[in-house]
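Here's the structure, in C-alpha cells; my notes come after.
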C-alpha cells in the first residue's frame, strides 16, 4: 500500500499546477478529489485487468503439474480483489485530500 500511495502522491505532485489552476478557477474541492481518485482507481483497474487473468492462468498451470490442486476458488479471488480495491482506495485518499487542500496562490507562485 505504501508504494501505491507513493506513486499516486508523485503523480499528484506533477499535477500541482493543474490542481492550483482548477482551484483558482473556483473548482470544488470534491472535483479535485474526484480527479485524483479517478487516476488512482484507473491504475488499480489496469492492475486487476492484468492480474486476474494472470492468476487464473497461473492456477491452471499449477493444477496441471501438481497432484490434488483444485482450480480457481472464486470466493478467495473475490476477497483478494475486494481487499486490493479497498487498499488502493485508502491509499488514493491521502494524496487526493492533500491535493484538495493545496493553496493555489502558493503553488502558482512557486512555479
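Each value in this text was obtained by applying a stated rule to the coordinates, not by laboratory testing. In this text, all values refer to a predicted model and were calculated from it rather than measured experimentally. Virtual Cβ from ideal backbone geometry, glycine too; neighbours counted across all protein chains shown.
Worth pointing out:
- Full extension of the chain between residue 57 and residue 71 gives 4.0 nm of extra length, using 0.36 nm per residue less the Cα-Cα distance.
- 68, 63 arranged by Cβ crowding within 10 Å, fewest neighbours leading: 68, 63
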